[in-house]
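What follows is calculated from the coordinates using simple rules that are stated; it is not laboratory data. Note that the coordinates shown come from a computational prediction; the quantities given were computed from them, not determined experimentally. A quick note on method: Cβ atoms are made from the backbone with ideal geometry, for glycine too, and the neighbour counts reach across all protein chains shown.
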Amino acid sequence: MKNIKQLEIQRQGLQTKLDGMKTQEERNIMGQFSTPIALANDILTHAKSVLPTKGSIRFLDPAFGTGSFYSALNNVFPEIRIEASTGYEIDEHYGKPARDLWSKTELNYQLADFTTQESPESNDDKYDLIICNPPYVRHHHINDKKEQLKAKAFNSANIKLSGLSGLYCYFMALSHPWMKENGIAGWLIPSEFMDVNYGQAIKNYLLHEVTLLQIHRFDPSNVQFDDALVSSAVVWFQNKKPSKNHNVKFTYGGTIDKPTDEKKVSYDVLVKEKKWTRFPLLEEREESNVPKLSDFFAVKRGIATGDNKYFILTKQQIESRGLPLEQFRAILPSPRYLDVTELNADVNGFPDIEKQLFVLDCNLPLDEIKLNYPELYIYLEEGKENGVAERFLCKNRKVWYAQEKRPVSNFYCTYIGRSDNKDKKPFKFILNKSSAIVSNSYLILYPKPFVEIKISQDPTLLSKVHSVLENITGEAMLSEGRVYGGGMHKMEPKELANVSASLLSDLFSL
């Protein structure tokens, strides 16, 4: 293609202009995050290394946008090798200007919803190379056509997708029948599929329906998209059934072809491993009888109020409104505002911290509240007027202002945090000696009955248990949790429960 460099300069200017005409919220809903041209060129350069050195190429991008991958295709491959190029784009805001930009090229630009298209019947009309950065649309934005997409995904690729799957999962599934036999696909997608439950369907597809070649995971502290906090991976596979002795290359950091870490992992290991992000930085998981936190604790998430600004108040706010403190319970502030790992109680049992917070926790019927607590009744009426009562969590409760029942515990763990290396833990364990409960920015560790009995017999065990929890290595924690863009780590209840805790067995003779 002539003048590809000039067209790319025009494309980048067009991308910036069109992005500026949409709000961040609009782009989030549509999952519109353009691939930087440097990354697009890296991806197409790698594609060249895995495709046959000779022969024509039929190229497809099911989520074309303004065409960074098409630009990179023409930058990396000689024009004589490109037999056909097709792109689909659903959004006219980007589609019409991009179609005009590439109008004098051989591109077959389709301004249409790829998920509604029918794949070519003839293998000759299918594609040797599918490269795509699919829209990162979360599941709650696709409710209106979710069941239709799930059925089509199963028919297209034998993938049984969960209702929690993002739109990118459907794009991968629906693209399968568009691939030629032995064709190559490279998907730039969020790396979360490697760890989350709904991602298991995608992993099953990669293990059983195609031959997975490589997964390159970018360093989460090096976010690939300036306007999206997403930890990204590029997934490479070939459209042929895998052999059972197949090894998959896992790479991390740097670039696809010059990673900072690399490891080959066998098919057998991947079938058993639930968390693929442990590769290549960690070895395969060994079968072990080492005790886990689940042997000593039941792990639950903290309470979700539905609207923290409305339900959580300071003591001063409660007093100024004349609200009854007995209808509130103490709650810890967000982890970012808590700089201690051991919380003592004041004379009232509340956390001995400067800014005490309380969450409304009332189960009384409205007529009883109106009779006995008129100021609280007025406050609840205000909640109705400003829409709090209609928020998702609130309107699905029997009593919209009543909180989840979560007993207080002596042990809490932060749910989210940041870390730039495996030795620095992004999670903190809190020893709580107050009556405070926690929000869902924490996880609650409830001691098993035998642990409770031991602690009641020897209260010094509280500090000893907390010390053991605090000394769990960063590597042990990170290997069970999940990571997002910018080095942000999360830990779900089941993941925390699965963390090894061998030193606790010494305290409780397990």
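Distance from the C-alpha centroid of the range 284-337 to that of the range 74-138: 48 Å, rounded to the whole angstrom.
First measure r as the distance between the Cβ atoms of Tyr198 and Asp295, then evaluate 1/(1 + (r/R0)^6) with R0 = 30 Å and state the FRET efficiency to the nearest 0.05. So the FRET efficiency works out to roughly 0.65. A crude spin-label estimate for the pair Ser467 and Glu390, with each label 7 Å from Cα along the Cβ direction, gives 5.6 nm. Working from label points 7 Å from Cα in the Cα-to-Cβ sense, the Thr45 to Gln12 distance is 1.5 nm. Maximal additional length on extending the Met21-Lys355 stretch stands at 116.0 nm, based on 0.36 nm per residue less the C-alpha distance. Under a 5 Å amide H cut-off, with hydrogens placed 1.01 Å from N, Ile57 pairs with Ile82, Glu83, Ala84 among residues at least 5 apart or on other chains. For Phe279, nonlocal amide neighbours, meaning residues 5 or more places apart or on other chains whose placed amide H falls under 5 Å from its own, do not occur. Its relative contact order, with pairs defined as Cα atoms under 8 Å and 6+ residues apart, puts the chain at 12 percent. Note on Lys433 and Leu503: the model spin-label points, each 7 Å out from Cα along the C-beta direction, lie 2.0 nm apart. The mean sequence separation of alpha-carbon pairs under 8 Å and at least six residues apart, normalised by the residue count of the range 4-278, gives a relative contact order of 16 percent.
To the nearest 0.05, what FRET efficiency results for Arg418 and Thr314 with a Förster distance of 35 Å applied to their C-beta separation? The formula returns an efficiency of 0.80 here.
Quick note on the range 158-301: its Rg to Rh ratio, both from C-alpha atoms and Rh being the Kirkwood radius, is 0.98.
Taking a point 7 Å from the Cα of Ser122 along the Cα-to-Cβ direction, the residues of the range 62-91 with backbone N closer than 18 Å to it are 83-86.
Relative to the longest principal axis of the Cα atoms of the chain, the long axis of helix 92-101 makes an angle of roughly 30 degrees.
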